[in-house]
Amino acid sequence: MKVLLVEDEKRMAQALCGILSIEKYEVDYYADGADGLCAIESGIYDIAILDVMLPGIDGFEIVRKARKKGVRTPILMLTAKAELDDKVNGLDGGADDYLTKPFMTKELLARLRALCRRGSNMLDGVLTFGDISLDANRSTLFCTVTGQSVLLSEKEYRILEYLIGNCGQILTREQLAVKIWGLENEAEYNNVEVYMSFTRKKMKFVGAKAEIKAIRGVGYELRYDDVQ
């Protein structure tokens, strides 16, 4: 899972990055509100953790602006403020959850797991779409109709995870490149096409009806035609 952390307290940010990395989350960190807003608007994150008190643009404003632009990324607000009005402000603005500092690590991780499941088809670490299941614990693709399964590489797994999480949407090659290879990595479109080809072959291998459609000049979309 790719996590965006926007937190201006350096020690807190370092501690959170360390905790999340241990739990196998991939974390991008920003200390400035404006930078955080640009990052969340990219749409490449599975979840965002936002502090409220930030330089430039505060967390509440980031949430409002992101939701106004159609960003659906689950958002957890982190703040030292415990007043009811602040919680209501954040939730009404579009945040999904609210955690007050100081907090226990176990609670933070539990809330993140809950938010990652929300809005996706995930149950016990398994993502589903049509007749395919994606097992996060084993990096395995499984067809629920044929019973066939195949092991996925890291890139193949992340491609399917991203497509399933955004089913019904066309994802551009640029979005896929940034999501899979990262903001700082200048991955060429060829990388996307090569790994997309690998992923399609494995979907065909397990006999899935679900398929990745190439939309000429635009990108890719995950589709499932349940015609008997």
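Quick one: what pairs do we get from region 93-104, first residue open to solvent by 20 Å² or more (accessible area, probe 1.4 Å), second part of a loop (DSSP other than H, G, I, E, B) and of a type outside the set (Gly, Ala, Ser), C-beta under 8 Å, 6+ apart or different chains?
96/74; 96/118; 97/74; 100/81
If we scan region 188-198, do we find a residue that is hydrophobic (A, V, I, L, M, F, W, C) and in contact (Cβ under 8 Å) with a residue 24 or more places away in the chain?
Checking region 188-198: at least one residue is hydrophobic (A, V, I, L, M, F, W, C) and in contact (Cβ under 8 Å) with a residue 24 or more places away in the chain.
Would you be able to tell me the number of residues in region 202-211 that are out of contact with any Cys (no Cβ under 6 Å at 6 or more places or on another chain) and either open to solvent by 10 Å² or more (accessible area, probe 1.4 Å) or small (Gly, Ala, Ser) (or both)?
Number of matching residues: 6.
Six or more apart or on different chains, Cβ atoms under 9 Å: show the pairs whose first residue is in region 129-145 and farther than 15 Å from residue 199 by Cα and whose second is open to solvent by less than 40 Å² (accessible area, probe 1.4 Å) and of a type in the set (Asp, Glu).
Pairs that qualify, where the first residue is farther than 15 Å from residue 199 by Cα and the partner is open to solvent by less than 40 Å² (accessible area, probe 1.4 Å) and of a type in the set (Asp, Glu), are 136/161; 144/131; 145/131.
Listed here are the residues, each with its yes/no results for (1) closer than 20 Å to residue 112 by Cβ; (2) touching an Asp or Glu at 6+ places or on another chain (Cβ under 9 Å); (3) charged (D, E, K, R); (4) open to solvent by less than 40 Å² (accessible area, probe 1.4 Å).
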position: 4; (1), (2), (3), (4): yes, yes, no, yes
position: 9; (1), (2), (3), (4): yes, yes, yes, no
position: 13; (1), (2), (3), (4): yes, yes, no, yes
position: 18; (1), (2), (3), (4): yes, no, no, yes
position: 21; (1), (2), (3), (4): yes, no, no, no
position: 35; (1), (2), (3), (4): no, no, yes, no
position: 40; (1), (2), (3), (4): yes, no, no, yes
position: 46; (1), (2), (3), (4): yes, yes, yes, yes
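Quick one: which helices (runs of 4 or more DSSP H) lie wholly within region 1-115 and hold at least 2 residues that are of a type in the set (Gly, Ala, Ser) and within 28 Å of residue 135 (Cβ to Cβ)?
Helices (runs of 4 or more DSSP H) meeting the threshold: 10-22.
Which number in (1) more than 18 Å from the chain's Cα centre (by Cα); (2) modelled with pLDDT of 90 or more marks the one condition that residue 49 misses?
Among (1) more than 18 Å from the chain's Cα centre (by Cα); (2) modelled with pLDDT of 90 or more, the lone unmet condition for residue 49 is (1).
The values are calculated or read from the model by the stated rules, or taken from the named source; none is laboratory data. Just so it is clear, the structure is predicted and the values come from calculations on it, not from any experiment. All Cβ positions, even for glycine, are placed from backbone atoms using ideal geometry, and neighbour counts span all protein chains on display. For the accessible areas, the whole protein counts, side chains as well, though only heavy atoms, and no ligand, DNA or RNA atoms are used. Shrake-Rupley method; radii C 1.70, N 1.55, O 1.52, S 1.80 Å.
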